[in-house]
Amino acid sequence: MASPPLSVVVVNWNRRDLLRACLRSLMKQTKVQFRLIVVDNGSTDGSAEMVSSEFPAAVLIRNRENLGFCQANNQGIRAAGGERIALLNNDAEAEPEFLFELERVFDGDDEIGMAAAKIVMFSDPRRIDKAGHLIWPDGQNRGRGTGAWDAGQFEQQEEVLWPDGCGAMYRRSMLDEIGGFDEDFFAYGDDAELGLRARIAGWKCIYNPRAVVRHHHSSTLGTGSVKRLALIERNRVLLAAKLFPWSLLWLNPFYYLQRLTSGALAAASGQGEAASFPGAGGKLRLVFALFSGDLQALPLLPKMLHKRRTLVRKLSQQETKELILENRISLKELSTQAARASAPANEDCLRCGSTEAVILLEGTDRLYHTTTARFQVARCRVCGLARLSPRPEPAQLDRFYPGNYWFDPAEDTASRWAERYRRLVLQDHVNFVVEAHRNASGSGPVLDVGCGGGLLPGMLRERGLPAMGLDSSQQACKIAWRRHHVPALQADLTNAPFPSESFSLITLFHVLEHLPDPGAYLDAARELLTPHGHLVVQVPNMDCWQFRLLGQRWNGLDIPRHLTDFRGADVGFFLEKHGFEVVRRKNFSLRDNPAGLATSLAPSLDPMARRIKGKPASLFHNAAYLALTAAALPFALLEAACGHGSSIMLEARKR
């Protein structure tokens, strides 16, 4: 049987769930027949096995290691049959007529070698990801319209510079003439190099807005990845050295300096590529990434200059210069595009209701590894409150809390020492709560919401306070009673079966940041407090030095379990709004501040993370973690003394 005239190549590396969705979208293509080729770059997450079992008709090429986007795509192209070869990213999903509409582009014009799709943001399809490509004269290429609202401005079928490799189609005869992807590029900028090389050889590219792809933007490495930015910078230099006319190449440092200056000005207002590298530490990592990329390019320059002499050329040097300048992206667009591209989903800010926000960073679950998916943290442009964006659905959230999330120590020596340590550092919390209960002018009971295994209410009961617990986990409630004789109820605070005015004091230690609607919990707490009742709240403080230095590595973000990232002013605002008056605040917690810094620096040593990942308790690891925590103590005390501790604890009275 003859091969279909069209083949589709999908390259994958450790994105099993995204790959499944991608391939399912290809199975829904209409009006075309095609050969599906999946090239797996040594995935360790079961991607290849999933393809074999769920998509048996696909041709599966399995590599032992990650060969990069370029080499893997070239493998797929060599295995492809037919005159048309389409590429689709593994983190993209195609609309049903994607292939049909791209194939139509080639009809009637043998000079068309490339077809570009309309690529939109998966998180918000009203935003453009790329509608073809543009370029700045230093070699930095960017998507046409990236991050812009889709208002119909890209609905015309027209010639563009080249397609984005996320969703594109190529004529085989063009690839036979000029060659496939340059494997020295590995990843990033590779589609730009192939596209510009094809244009120099006289081939055209047509954009078809009816061929639509939804793309998870930068899901492989993330926008804030140093490795990603270093590759982009390296390949910018290589592309210019290989393909630019000499008249532009001599001016490259001037154009590069222009772009960096514009980017620095944009960064001052929280925009541009630098917005993905928050804090002083983030800016240092950004500079390091650029410098590293330039250094990596140096040994490859002689090779690029040699390849330059073997190019298939139909455009003269002057015509190539005119092509680049005619498709030049403006500095303003270039500087602000990165922030627009990563604009969060259109969600209301919990504090002010605004939908205007900017993405601060991207990250994943670096502590417990419950998922490999990447998430964004967005900051409201109006009030500054930060949040996870888009907010996960409740069913998704459940998967991010492991079954053994609650502390239930074993009887071995390491666990007994861990229990003693937890009791020692929790004295800080106990003392705060005892004083708050005294301030509440009552002898009523204390309700610890989110009590976990019950250690805190157990210690409160040892101090004579009538404390009980509330938790969403039945397992946690059982542990609380079995180990600490704490009566604990499995319930949500908003529907807990308690009469109004039942408690003198309610505590919410590290609860609000986990909630889709923190205000509802504050309202419920106010209803359950006696007229003179008090509330104690503790949350991570995003206005801390640790976040400014560490950025996405700061443990207080706890992506994806923390839905809102508060500052002290934010918590005070919510308390006032929901009927409380703040009477006391504290910027230091012995349990959380130094240990949080230790976990940020060495998450693999965190005892809870080790337990959740099934690693046995170890005196060596516990001692190493304790030593790192002790070393972090002076810094944690200093930042707290300056009002920027990594957690904030507030006591508020009911108004």
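Here is how the numbers come out for the structure above:
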{"read-out": "Selected residue (only one of Pro163, Pro209 is at pLDDT 95 or above, in the same structural domain as Trp13 (by TED's automatic domain parsing), part of a loop (DSSP other than H, G, I, E, B) and more than 19 Å from Gln317 (Cα to Cα))", "value": "Pro163"}
{"read-out": "Any hit, region 182-189, residues being part of a loop (DSSP other than H, G, I, E, B), closer than 18 Å to Glu326 by Cβ and either touching a residue at least 12 places away in the same chain (Cβ under 8 Å) or under 24 Å from the mean Cα position of the chain (by Cα) (or both)", "value": "no"}
{"read-out": "Filter result for the condition that a residue is part of a strand (DSSP E or B), closer than 27 Å to Ile200 by Cβ and under 25 Å from the mean Cα position of the chain (by Cα), over Ile119, Ile85", "value": "Ile119"}
{"read-out": "Complete set of residues in region 369-391 that are assigned to a loop (DSSP other than H, G, I, E, B) and buried (at least 19 other Cβ atoms within 10 Å of the Cβ)", "value": "Arg374, Leu385"}
{"read-out": "Conditions (1) surrounded by fewer than 23 Cβ atoms within 10 Å (Cβ to Cβ); (2) touching a Leu at 6+ places or on another chain (Cβ under 8 Å): number failed by Ile206", "value": "(2)"}
{"read-out": "Restricting region 525-547 to residues that are outside any strand (DSSP E or B) and of a type in the set (S, T, N, Q), the residue that is nearest to Phe503 (Cα to Cα)", "value": "Asn541"}
{"read-out": "Every residue from region 1-53 that is within 15 Å of Asn89 (Cα to Cα), in a strand (DSSP E or B) and touching a helix residue (DSSP H, G or I) at 6+ places or on another chain (Cβ under 7 Å)", "value": "Val8, Val9, Val10, Val11, Asn12, Leu36, Ile37, Val38, Val39, Asp40, Asn41"}
{"read-out": "Answer residue from region 169-181, given it is in a loop (DSSP other than H, G, I, E, B) and touching a Lys or Arg at 6+ places or on another chain (Cβ under 9 Å) and is nearest to Thr310 (Cα to Cα) among those", "value": "Gly179"}
{"read-out": "Matching option when the condition is among the small types (Gly, Ala, Ser), crowded, with 21+ Cβ neighbours inside 10 Å, within 25 Å of the chain's Cα centre (by Cα) and on the phi > 0 side of the Ramachandran plot, among Gly46, Gly68", "value": "Gly68"}
{"read-out": "Residues (in contact with a Gly (Cβ under 8 Å, 6 or more places away or on another chain) and surrounded by fewer than 24 Cβ atoms within 10 Å (Cβ to Cβ)) located in region 534-550", "value": "Asp543, Arg548, Leu549, Leu550"}
{"read-out": "Residue that is nearest to the chain's Cα centre (by Cα) [pool: residues in region 145-170 that are surrounded by fewer than 21 Cβ atoms within 10 Å (Cβ to Cβ) and charged (D, E, K, R)]", "value": "Asp150"}
{"read-out": "Residue in region 491-512 that is farthest from the chain's Cα centre (by Cα), counting only those that are crowded, with 23+ Cβ neighbours inside 10 Å and not in a strand (DSSP E or B)", "value": "Leu493"}
{"read-out": "Among (1) under 29 Å from His437 (Cβ atoms); (2) assigned to a helix (DSSP H, G or I) - the single one Gly551 does not satisfy", "value": "(1)"}
{"read-out": "Residue in region 506-518 that is over 20 Å from Leu388 (Cα atoms) and of a type outside the set (A, V, I, L, M, F, W, C) present", "value": "yes"}
{"read-out": "For His133: the one exception among (1) free of Cβ contacts under 8 Å to residues at least 60 places away in the same chain; (2) within 27 Å of Ser389 (Cβ to Cβ)", "value": "(1)"}
{"read-out": "Selection count where residues are modelled with pLDDT under 95 and in contact with a Ser or Thr (Cβ under 9 Å, 6 or more places away or on another chain), scope region 13-34", "value": "6"}
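The values are calculated or read from the model by the stated rules, or taken from the named source; none is laboratory data. In this text, all values refer to a predicted model and were calculated from it rather than measured experimentally. Please note: Cβ atoms are built from the backbone with ideal geometry, for glycine as well, and neighbour counts cover all protein chains shown.
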